[in-house]
Amino acid sequence: MARIEINIRGLFATPVAAVELPDAAARNAELSRLILERRSSTPSIQASNAGGWHSDREIAEWGGPRVGEVLTAARHVATQMTADRHGQKVTPNWTTQAWANVNGPGDGNISHYHPGSFWSGTYYVDDGGCASDPALGGEFEMIDPRGPGPGMYAPALKFAGDDGASVGSGETIRPRPGLLFLFPSWLFHQVRPYRGTGLRISIAFNFGVSFAANS
């Protein structure tokens, strides 16, 4: 048989960015104090949270300069990850919505996405021990938008190539203090139940686009 050359190209990749922010210890000490003070005086709203405390979406107003640092860094990352339809650099006028989450023992977040936004993300203030002990759970899990893949029909098989093994499986990020990451707002995600005895504290955010002010 004549040699057949097969060109395989991975398509439809989903961009996710992770950044370690400097000065995390000092920042997180202040953020933890502010968030827990707010929790003690303000009831939780109900969103994707299964237990735990979900603040209002105005942490940018009451969170002080340290929250501003996180959101400024996140907007910078979002801008670096965004281009026009010709692949050229743009500087969108991002609209911002942000809130705090505090998960205690048994708490998590059900699968959801963030309508009306372009980028979403999370910054970890306290991991509750998750980073050093995988048994504590609490992972952020992103659900493969390609669906169940080969597992739908032949669970023992996978697609060839570097990305083939991941088709149909979730990808997780283990919380650790100082970690900032962004993902497309349409991506289904959830937070696995936290099984520690401490508190898992994070700041979540959405960036939308103000079309009238785009440059």
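The values are calculated or read from the model by the stated rules, or taken from the named source; none is laboratory data. Quantities reported herein were computed from a predicted structural model and do not represent experimental measurements. Virtual Cβ from ideal backbone geometry, glycine too; neighbours counted across all protein chains shown. For accessibility, only protein heavy atoms count, side chains too; no ligands or nucleic acids. Shrake-Rupley method; radii C 1.70, N 1.55, O 1.52, S 1.80 Å.
When residue 53 is tested against (1) more than 23 Å from residue 194 (Cα to Cα); (2) under 19 Å from the mean Cα position of the chain (by Cα), just one condition goes unmet, and that condition is (1). Restricting attention to the range 177-200 and to residues that are polar (S, T, N, Q) and in a loop (DSSP other than H, G, I, E, B), the residue that is most open to solvent (accessible area, probe 1.4 Å) turns out to be 197. Is it the case that residue 140 is open to solvent by less than 30 Å² (accessible area, probe 1.4 Å) and more than 18 Å from residue 39 (Cα to Cα)? So residue 140 fits the description; yes. The number of residues in the range 39-63 being closer than 17 Å to residue 124 by Cα and open to solvent by less than 80 Å² (accessible area, probe 1.4 Å) comes to 8. Every listed requirement among (1) open to solvent by less than 70 Å² (accessible area, probe 1.4 Å); (2) of a type in the set (Val, Ile, Thr); (3) over 16 Å from the mean Cα position of the chain (by Cα) is met by residue 6 save one, (1).
Restricting the range 6-39 to residues that are basic (Lys, Arg) and part of a helix (DSSP H, G or I), which is nearest to residue 166 (Cα to Cα)? Step by step, filter the range 6-39, then rank; the result is 27. When 24, 13 are screened for being at pLDDT below 95 and small (Gly, Ala, Ser), only 13 passes. Contact map, the range 134-156: first residue without any contact (Cβ under 8 Å) to a residue 40 or more places away in the chain, second residue exposed (fewer than 12 other Cβ atoms within 10 Å of the Cβ), Cβ cut-off under 8 Å, separation 6 or more or different chains; pairs are 150/157. Answer with yes or no whether residue 86 is out of contact with any Leu (no Cβ under 6 Å at 6 or more places or on another chain), within 24 Å of residue 26 (Cα to Cα) and free of Cβ contacts under 8 Å to residues at least 40 places away in the same chain. No. One residue alone among 133, 127 is acidic (Asp, Glu), more than 15 Å from the chain's Cα centre (by Cα) and at pLDDT 95 or above, and that residue is 133.
Quick grid of which residues meet (1) open to solvent by less than 40 Å² (accessible area, probe 1.4 Å); (2) closer than 24 Å to residue 17 by Cβ; (3) not in a loop (DSSP other than H, G, I, E, B):
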| residue | (1), (2), (3) |
| --- | --- |
| 65 | no, yes, yes |
| 77 | yes, yes, yes |
| 85 | no, yes, no |
| 157 | no, no, no |
| 161 | no, yes, no |
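Answer yes or no: is there a residue in the range 113-132 that is open to solvent by 20 Å² or more (accessible area, probe 1.4 Å), in contact with a Leu (Cβ under 9 Å, 6 or more places away or on another chain) and farther than 29 Å from residue 33 by Cβ. Yes; the residues of the range 113-132 include at least one that is open to solvent by 20 Å² or more (accessible area, probe 1.4 Å), in contact with a Leu (Cβ under 9 Å, 6 or more places away or on another chain) and farther than 29 Å from residue 33 by Cβ.
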